[in-house]
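The values are calculated or read from the model by the stated rules, or taken from the named source; none is laboratory data. For clarity, every value in this text was computed on a predicted model and none was experimentally measured. Here the Cβ is made from the backbone with ideal geometry for all residues, glycine too, and neighbour counts use every protein chain on show. Quick note on the areas: whole protein, heavy atoms, side chains included, nothing else; ligands and nucleic acids left out. Shrake-Rupley method; radii C 1.70, N 1.55, O 1.52, S 1.80 Å.
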Amino acid sequence: MLRVDHAGEYGATRIYQGQLDVLGGGRKAGEIRRMAETEKRHLARFEELLHQRRVRPTLLYPIWSVAGYALGAATALLGAPAAMACTVAVEDVIDEHYRGQAEYLAEADPELRETVLAFRDDELAHRETALAHGAEDALGYDLISAAVKAGSRIAIWLSTRL
Ligand SMILES: [Fe+2]
Ligand SMILES: [Fe+2]
């Protein structure tokens, strides 16, 4: 669980880095930067937990670096609404993912459960922010959404195993 969560938060920081490199001077830069800061905080926390519990990070780290960045930059190149649509789709999947973990952790590890639930709240706030900043105005919203969700699910599946 920690491995996949750490991988996911790392991927998130890479997505926002990709978006900021394209849209960093644009009107939505502030919003994107704020979301990126949350992801860095999430990542730092999971990094701590990996060390504490002696969990090795995913072997796919270099792939998530490139894939996350590419996803962020590619959606940003389609415009700010597409970048926001990407965030909505990712956070939809992460909401599901963290909710599932929280259910499992209720018995196994209540403390980690609190962390996961708190982060899930942050991700839902990102989703709201992205919707408020025009995600649904993106041309091909449904297509972007479906593709990003599929990619995110595959990334989760792989990071759980590798
Ligand atoms: Fe996050
Ligand atoms: Fe997020």
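A few remarks follow.
- Among residues of the range 113-145, those that are more than 10 Å from ligand 2 (Cβ to nearest atom) and part of a helix (DSSP H, G or I), counted: 18
- Lone unmet requirement of (1) in contact with a helix residue (DSSP H, G or I) (Cβ under 6 Å, 6 or more places away or on another chain); (2) closer than 18 Å to residue 155 by Cβ for residue 8: (1)
- Scanning the range 97-112 for residues that are assigned to a helix (DSSP H, G or I) and away from ligand 1 (no atom under 16 Å from the Cβ) yields 103, 104, 105, 106, 107, 108, 110, 111.
- Screening the range 21-67 for residues that are in a loop (DSSP other than H, G, I, E, B) and open to solvent by less than 50 Å² (accessible area, probe 1.4 Å) and picking the one that is nearest to ligand 1 (Cβ to nearest atom) gives 58.
So that you can scan it fast, the table gives a plain yes or no per residue for (1) of a type in the set (Phe, Trp, Tyr); (2) open to solvent by 10 Å² or more (accessible area, probe 1.4 Å):
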{"residue": "69", "(1), (2)": "yes, yes"}
{"residue": "80", "(1), (2)": "no, yes"}
{"residue": "83", "(1), (2)": "no, no"}
{"residue": "86", "(1), (2)": "no, no"}
{"residue": "89", "(1), (2)": "no, no"}
{"residue": "103", "(1), (2)": "no, yes"}
{"residue": "114", "(1), (2)": "no, yes"}
{"residue": "120", "(1), (2)": "no, yes"}
{"residue": "132", "(1), (2)": "no, yes"}
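- Cβ separations smaller than 8 Å between residues 6+ apart or across chains give the following pairs from the range 41-60 residues that are free of Cβ contacts under 8 Å to residues at least 40 places away in the same chain and under 22 Å from residue 126 (Cβ atoms) to residues that are of a type outside the set (Asp, Glu) and within 16 Å of ligand 1 (Cβ to nearest atom): 43/6; 43/10; 43/12; 43/13.
- Restricting 137, 109, 95 to those that are surrounded by fewer than 20 Cβ atoms within 10 Å (Cβ to Cβ) and within 13 Å of the chain's Cα centre (by Cα) reduces the list to 95.
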